[in-house]
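This report refers to the structure that appears directly beneath it.
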Amino acid sequence: MKPVLLDVNLASVSLIFVYAAMAVYTISFLMFVFHIAQATSDKKSVRDSSSRLQRASFFVLGFGALLHGTGVTLRGISAHRVPWANMYEFSISGSFLIVLIFLTALAVKEIRVIAAFVNGFALLVLGTATTTFYVQIKTLMPALQSYWLVIHVTVAVLATAFFNIAAALAVAYLLRDWPWVTSSKSPIAVLIRRLLKAFPDSAKLERLSYRFNVVGFILWSFTLIAGAIWAERAWHRYWGWDTKEVWTFIIWTIFAGYLHANATRGWSGRRSAWLSLVGFAAILFNFTIVNLFFKGLHVYSGLK
């Protein structure tokens, strides 16, 4: 079997595209924030200007996604494999899919108001990836040299993207329904109330968050099953109580409880939103803390 020739120069070009995407994402984030501020104005001319600014913001975000996707693709080409063998690659690929899914879902007008949340989160992930998680390209370890890597990780990234959008909607719901915001005469509370005028009503935010969580849960269920099948192929057992396996199941349990509580016990409102955020926090914990500080067969941070 011929050794894989890694293209370090192309990997450097990939990093340049990622940095360029971060710069464009920063511009679009500021534009979205300014749009929200304008959208709360009582003047019709300012609101019309805000609408044009929002369209321009999505165009800039789309251009950033194009640069971002190019960086991810070049990273994969430079290593002659799919670009998600370590935390850096998973971060740039995952954040790209989050933005891509959000842009694809813009037909649902109500989710447009969380553009700043999604944009800001993607920018934060890329910043962390380039400063903390970055590693040079490497060949895959034997356990990862399988087509199951493509299947398992692709679905996991997609599930994370849907959970992220659902979490952003849950944050928007909690802000709108926060008693301090709704009743306080504090200048900050008054400002938040004005900003929330641009958001859909609480019922729509809750309904949209639930729908994105449903899709994410279905994808995460497949991730759990595909991971077990891959584990049997790689290590000759479906389940071994590895740290990553346990946390993947914990996340599945949290979202299963979220969906069950909504469907059978009538859970709604703040409790439902908080449970959605607990589930997404568990995903972030699984990706960061588990990868960095726990030992196991599934820990592929690339930093050790």
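Things to note:
Okay, residues lined up against (1) hydroxyl-bearing (Ser, Thr, Tyr); (2) assigned to a helix (DSSP H, G or I); (3) buried (at least 23 other Cβ atoms within 10 Å of the Cβ):
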residue	(1), (2), (3)
ASN119	no, yes, yes
LEU123	no, yes, no
THR132	yes, yes, no
ILE137	no, no, yes
LEU140	no, no, no
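- Among (1) in contact with a Ser or Thr (Cβ under 6 Å, 6 or more places away or on another chain); (2) under 30 Å from ALA203 (Cβ atoms); (3) modelled with pLDDT under 95 - the single one ILE114 does not satisfy: (1)
- For the stretch 233-240, the criterion of being without any contact (Cβ under 8 Å) to a residue 12 or more places away in the chain, in contact with a helix residue (DSSP H, G or I) (Cβ under 7 Å, 6 or more places away or on another chain) and charged (D, E, K, R) is met by at least one residue.
Yes/no matrix, rows are residues, columns are (1) over 18 Å from the mean Cα position of the chain (by Cα); (2) at pLDDT below 95; (3) within 15 Å of LYS138 (Cβ to Cβ):
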site: LEU10; (1), (2), (3): yes, yes, yes
site: VAL18; (1), (2), (3): no, no, no
site: ALA23; (1), (2), (3): yes, no, no
site: ILE27; (1), (2), (3): yes, no, no
site: MET31; (1), (2), (3): yes, yes, no
site: GLN38; (1), (2), (3): yes, yes, no
site: LEU61; (1), (2), (3): no, no, no
site: LEU66; (1), (2), (3): no, no, no
site: ALA79; (1), (2), (3): yes, yes, yes
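- Which numbered condition TRP241 fails, given (1) part of a helix (DSSP H, G or I); (2) exposed (fewer than 14 other Cβ atoms within 10 Å of the Cβ); (3) aromatic (Phe, Trp, Tyr): (1)
- When the helices (runs of 4 or more DSSP H) confined to the stretch 142-211 are screened for residues that are in contact with a helix residue (DSSP H, G or I) (Cβ under 6 Å, 6 or more places away or on another chain) and not assigned by TED's automatic domain parsing to the domain that holds LEU224, those reaching at least 1 such residues are found at 147-177.
- In the stretch 215-238, the residues that are more than 19 Å from the chain's Cα centre (by Cα) and not in a loop (DSSP other than H, G, I, E, B): ILE225, ALA226, GLY227, ALA228, ILE229, TRP230, ALA231, GLU232, ARG233, ALA234, TRP235
- A Cβ distance below 7 Å, combined with a sequence gap of six or more or placement on separate chains, defines the contacts here; from the stretch 21-33, residues that are without any contact (Cβ under 8 Å) to a residue 60 or more places away in the chain reach residues that are of a type in the set (A, V, I, L, M) in the pairs VAL24/VAL60; VAL24/LEU67; ILE27/VAL60; MET31/LEU53; MET31/ALA56; MET31/VAL60.
- Meets criteria (among the small types (Gly, Ala, Ser), at pLDDT 80 or above and farther than 13 Å from GLY216 by Cα) for GLY269: yes
- Filter result for ASP201 (in contact (Cβ under 8 Å) with a residue 40 or more places away in the chain and among the acidic types (Asp, Glu)): no
- Candidate set: the stretch 78-107, residues that are of a type outside the set (S, T, N, Q) and without any contact (Cβ under 8 Å) to a residue 12 or more places away in the chain; chosen: the one nearest to VAL135 (Cα to Cα): PRO83
The values are calculated or read from the model by the stated rules, or taken from the named source; none is laboratory data. Note that the structure is a prediction, hence the values are computed from the model and not measured. Please note: Cβ atoms are built from the backbone with ideal geometry, for glycine as well, and neighbour counts cover all protein chains shown.
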